[in-house]
Amino acid sequence: MPTALATRAPSSVSVDVDPPLLQHYIDGEFVATAARFENRSPVTGQLIAAVCEAGPAEVDRAVAAARRALAGPWGEASVEDRAAILYRVAAGIEARFEAFVAAEVADTGRPVEQARRLDVARGVANFRAFADLIKTAPSELFESRGPDGATLLNYVSRKPLGVVGIISPWNLPLLLLTWKVAPALAMGNCVVAKPSEESPSSATLLAEVMRDAGVPPGVFNLVHGFGPGSAGEALTRHPDVAAITFTGESRTGSQIMKTVADGVKEISFELGGKNAAVVFADADFDAAVEGVRRSSFTNAGQVCLCSERVYVERPIFERFVAALKARTETMRLDYPDAPGVDMGPVISHKHRDKVLSYYRLAVAEGATVVTGGGTPLFNDIRDAGAFVQPTILTGLPDDARCVTEEIFGPVCHIAPFDSEQEVIGRVNDSAYGLAACVWTTDLSRAHRVSRRFHTGLVWVNTWFTRDLRTPFGGTKLSGLGREGGRHSLDFYSEITTICIRL
Ligand SMILES: NC(=O)C1=CN([C@@H]2O[C@H](COP(=O)(O)OP(=O)(O)OC[C@H]3O[C@@H](n4cnc5c(N)ncnc54)[C@H](O)[C@@H]3O)[C@@H](O)[C@H]2O)C=CC1
Ligand SMILES: O=C(O)/C=C/C=C(\O)C(=O)O
């Protein structure tokens, strides 16, 4: 199992001839299927697991199990019972914390410290946050008078949606899967989850935790596989799935939207971004340089919130570019458990090819490559991995493809600006609208600018700091709906308004 996966290549590297088999989890049982696919390390290219692939038959079994569970005691579970289960799941992840870290690191090659601080810690926090929330969630009640003067009591009753299909990506596998599973179960639904084919390990461990935490059979089901023509499509097409919640690429969201249109299923989408960071001349300079480095290169740029467009006020533009270049060139690309590692590889060779094609395109579009622009050379097994250099570009017009399209790699383009009004227009001139960052010490400006951005999220003098009670999501191509806090409770429940004449 993933617990035993090495994060650092031994000095003599051997190919694993008997990799672990990751199975589906359906109706409380681990289930193998004949169809399999490979899970390879993005650090070394080595085979780390064989993964069972589900098709329509397994998805059908999982959905049927979920429906049976809804009709059983789970459908009647109280808020307190559901909260207790979520706390047990959180404790179960904590009890196997290092196994989750190893699973996440094996699939993605990210630094071990990042997996500890961000991914697995958030996996635990997601379950606790929604357990806390349901215990304190208020209801709505309005008292009014009818035509005859009688008192009318209007209140809201919440029911589960039913079977929720969860489709999650590879960039923050456990964080994004649990961000959906936790509120779905909190509101009494049953789920069929399909993690990304690139990152199946932590989801498989989560199924073990669900079983050990006493989550009844059928409440949490897991199917592995791909999107089109595989488990993902079968899940979105299934007539007994009431809702689909998806995080991933905008184009995939649009395909899923077409698929679910016939069944008029509920949908919640967190999609891509082409996020801007704006640095004003009055910003705390060093904090802004470090903040932009983090927001551009964390997780090798594979966070939908990463800043790929940076706008710097002209008086500090040259100094800022030089400082970010100097800081970026100190970044260490290495094995996940190497001391001081800053960045691992991107998720796969296919994704590396995509990122590198944008690096080449940037040059063809006339960019100056300030630093990076290619792949590092290690002269060891890491050269078989999917590493790319953190890259800073300047000199492109705002309509260049590298400034308008989501690259999803460790790259940012930096451009100068002259006025607040101008930069707001440039930030908003995007097909996406997920997140923006502002770096300034002027409080009035921070408020003024933030309110005018057409994005779902704005961070001022910080980035990717999360209060799980707040709404999270994007505008335009960046998504549909909001999750987080009561917004998740709303999405994952069906509401009935009851009016009683007293
Ligand atoms: N959060 C984000 O903004 C993310 C953006 N991306 C971007 O998307 C590009 C493609 O990466 P992918 O992993 O292929 O992302 P994707 O959006 O295609 O995949 C995400 C999930 O959706 C599933 N899926 C794909 N097509 C589907 C379909 N038609 N029906 C149902 N499920 C489907 C996948 O199996 C996976 O579980 C990346 O190069 C990256 O640029 C990828 C992951 C996350
Ligand atoms: O903090 C969160 O809930 C989500 C963060 C990141 C994404 O949604 C993403 O990278 O897709």
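Summary of computed values
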{"item": "Residue, farthest from G385 (Cα to Cα), within region 27-62, restricted to residues that are within 24 Å of the chain's Cα centre (by Cα) and assigned to a helix (DSSP H, G or I)", "result": "A62"}
{"item": "Exclusive hit being basic (K, R) and either under 19 Å from S478 (Cα atoms) or at pLDDT below 95 (or both), set R360, R426", "result": "R426"}
{"item": "V156 vs. criteria within 16 Å of ligand 1 (Cβ to nearest atom) and in the same structural domain as G92 (by TED's automatic domain parsing)", "result": "no"}
{"item": "So A276, is it buried (at least 21 other Cβ atoms within 10 Å of the Cβ) and within 22 Å of the chain's Cα centre (by Cα)", "result": "yes"}
{"item": "Within region 186-296, helices (runs of 4 or more DSSP H) holding 1 or more residues that are more than 9 Å from ligand 1 (Cβ to nearest atom)", "result": "201-212, 250-261"}
{"item": "Long-range neighbours under 6 Å by Cβ, at least six apart or interchain, first residue farther than 29 Å from E249 by Cβ within region 301-318, second modelled with pLDDT of 95 or more and of a type in the set (A, V, I, L, M)", "result": "E313/A281; P315/A281; I316/A281"}
{"item": "Residue check for N126: under 15 Å from A182 (Cβ atoms), polar (S, T, N, Q) and in the same structural domain as G188 (by TED's automatic domain parsing)", "result": "yes"}
{"item": "Residue satisfying condition, being among the β-branched types (V, I, T), within 22 Å of G232 (Cβ to Cβ) and modelled with pLDDT of 95 or more, within set V63, V89, V43", "result": "V63"}
{"item": "Which listed residue, of F280, F297, is touching a helix residue (DSSP H, G or I) at 6+ places or on another chain (Cβ under 8 Å), modelled with pLDDT of 95 or more, within 16 Å of ligand 2 (Cβ to nearest atom) and not aliphatic (A, V, I, L, M)", "result": "F297"}
{"item": "Of all residues in region 172-183 being among the aliphatic types (A, V, I, L, M) and touching a strand residue (DSSP E or B) at 6+ places or on another chain (Cβ under 8 Å), the one that is nearest to A300 (Cα to Cα)", "result": "L176"}
{"item": "Test: residue in region 343-365 that is over 23 Å from the mean Cα position of the chain (by Cα), assigned to a loop (DSSP other than H, G, I, E, B) and not assigned by TED's automatic domain parsing to the domain that holds N39", "result": "yes"}
{"item": "Residues satisfying the stated conditions in region 126-157, i.e. surrounded by fewer than 18 Cβ atoms within 10 Å (Cβ to Cβ) and basic (K, R)", "result": "K135, R145"}
{"item": "Qualifying residues in region 391-429 (those that are surrounded by fewer than 23 Cβ atoms within 10 Å (Cβ to Cβ) and among the hydroxyl-bearing types (S, T, Y)) - the one farthest from F297 (Cα to Cα)", "result": "S419"}
{"item": "Filtered residues of region 106-155 (kept if assigned to a strand (DSSP E or B) and without any contact (Cβ under 8 Å) to a residue 24 or more places away in the chain)", "result": "L141, F142, E143, S144, R145"}
{"item": "Considering residues of region 337-364 that are within 11 Å of ligand 1 (Cβ to nearest atom) and in contact (Cβ under 8 Å) with a residue 12 or more places away in the chain only, the residue surrounded by the most Cβ atoms within 10 Å (Cβ to Cβ)", "result": "V346"}
{"item": "Any hit, region 184-191, residues being of a type in the set (S, T, N, Q), farther than 14 Å from G123 by Cβ and either within 13 Å of ligand 2 (Cβ to nearest atom) or in contact with a strand residue (DSSP E or B) (Cβ under 7 Å, 6 or more places away or on another chain) (or both)", "result": "yes"}
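The values are calculated or read from the model by the stated rules, or taken from the named source; none is laboratory data. For clarity, every value in this text was computed on a predicted model and none was experimentally measured. Heads up, the Cβs are rebuilt from the backbone with ideal geometry, glycines too, and the neighbour counts pull from every protein chain shown.
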